[in-house]
Amino acid sequence: MRGKIIKGIAGFYYIYAENGETYECKAKGIFRKDNFKPLVGDDVEIAVLDEKEKEGSVTAILPRKNSLIRPAVANVDQAFVIFAMEDPKPNFLLLDRFLVMMEQQEIPVVVCFNKKDLASEQESEKLARIYEGCGYRVVLSSTLKGEGLEEIREILRGKTTVVAGPSGVGKSSITNCMQGEIKMETGEISRKLKRGRHTTRHSQVIPVEKDTFLVDTPGFSSLYLFDMEEEELKGYFPEFRKYEDYCRFQGCRHIHEPDCGVKEALSRQEISSLRYEDYLELYQELKEKRRY
Ligand code: GDP
Ligand code: ZN
């Protein structure tokens, strides 16, 4: 039977199978031997060992479409990053850091600003325009008023989506709205999962409907950029691209160079100063990191 690894805890994998049941499988045998580490999100074949106890064994891992390093998840189609318009106010540097990480890993991102009921229409539209101007799809939502939820459902449908965002923005509220009838962690598996609760939190996959999965990722507030030279960073700000042809110097970093197409676009407000400031901040951070 086919299934997907939805969670890994202390020597066990939990597999959400195509029959809608979750099975506990020991992480052992063939994979360890080949030095191949299964990831949350991997599609697998399992053999059921005990239907009543919901125990099985992974017999094969199906070919991966891709695998992310941060978070460590396989077969991701897109990321959905949620911030709130208010309470808490958006931390743009954190948002841009996340966008850069996903650009680097070539994962498309949809940006969601939730709690739009707490902000004016103009404020929400202004934010949406900034990120749409960078090429991202933006959703404005309110779980309180039930707005934007159909649009989110349509964005998520049929895909595996990493859901990220700081706490308090409405991540669980949105996830719960999407989950519908599927109930997770019932009965036996719930008992088994609780046993492992004390271990460090890893990513876990939440089945929403057939072929639709959300990936819940911990540790969003402590993102840091990795394996990147500061010179690479500009490549992960998609809105810079069309202006780079106008830079006088090849390899222009758009900081101190004269005749820079990006800085000219910035002065015409065609590039958002908020984004550009974050570019400078992240550039500096990468540069300082390299000194150590
Ligand atoms: P999480 O920490 O990101 O999972 O956020 P929660 O879903 O737990 O929501 C945090 C708080 O924000 C809760 O008190 C929710 O009731 C509230 N909340 C969630 N969505 C909205 C919204 O659209 N508008 C308003 N005003 N409050 C919301
Ligand atoms: Zn330039």
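The values are calculated or read from the model by the stated rules, or taken from the named source; none is laboratory data. The structure presented is a predicted model; accordingly, all values stated were derived computationally and were not measured. FYI the Cβ positions are ideal-geometry reconstructions off the backbone, even for glycines, and counts take in every protein chain you see.
Identify, please: which residue in the range 215-254 is assigned to a loop (DSSP other than H, G, I, E, B) and acidic (Asp, Glu) and is, among those, farthest from ALA74 (Cα to Cα)?
Our first condition is that a residue be assigned to a loop (DSSP other than H, G, I, E, B); within the range 215-254, this holds for 217-219, 223-229, 237, 247-254.
Adding the requirement that they be acidic (Asp, Glu) leaves 227, 229.
On the way: ASP227: 19, GLU229: 25 Å.
Applying the filter and picking the extreme gives GLU229.
For the range 42-95, name all the residues that are among the charged types (D, E, K, R) and touching a Phe, Trp or Tyr at 6+ places or on another chain (Cβ under 8 Å).
Answer for the range 42-95, where residues must be among the charged types (D, E, K, R) and touching a Phe, Trp or Tyr at 6+ places or on another chain (Cβ under 8 Å): LYS54, GLU55, ARG70.
So which pairs qualify, if the first residue must be in the range 159-177 and under 25 Å from LYS65 (Cβ atoms), the second must be in a loop (DSSP other than H, G, I, E, B) and within 16 Å of ligand 2 (Cβ to nearest atom), the Cβ gap must be under 6 Å, and the two must be at least 6 apart or on different chains?
none
Run down ILE15, ILE9 and say which single residue is at pLDDT below 90, within 30 Å of SER222 (Cβ to Cβ) and not assigned by TED's automatic domain parsing to the domain that holds VAL205.
Residue meeting the stated conditions: ILE9.
Of the residues GLU244, GLU257, GLU270, GLU239, which is under 31 Å from the mean Cα position of the chain (by Cα) and either over 21 Å from ALA128 (Cβ atoms) or within 11 Å of ligand 2 (Cβ to nearest atom) (or both)?
After ruling out the rest, the residue left standing is GLU244.
Do you know which residues across the range 70-101 are among the β-branched types (Val, Ile, Thr) and over 11 Å from the mean Cα position of the chain (by Cα)?
Within the range 70-101, just VAL100 meets the criteria.
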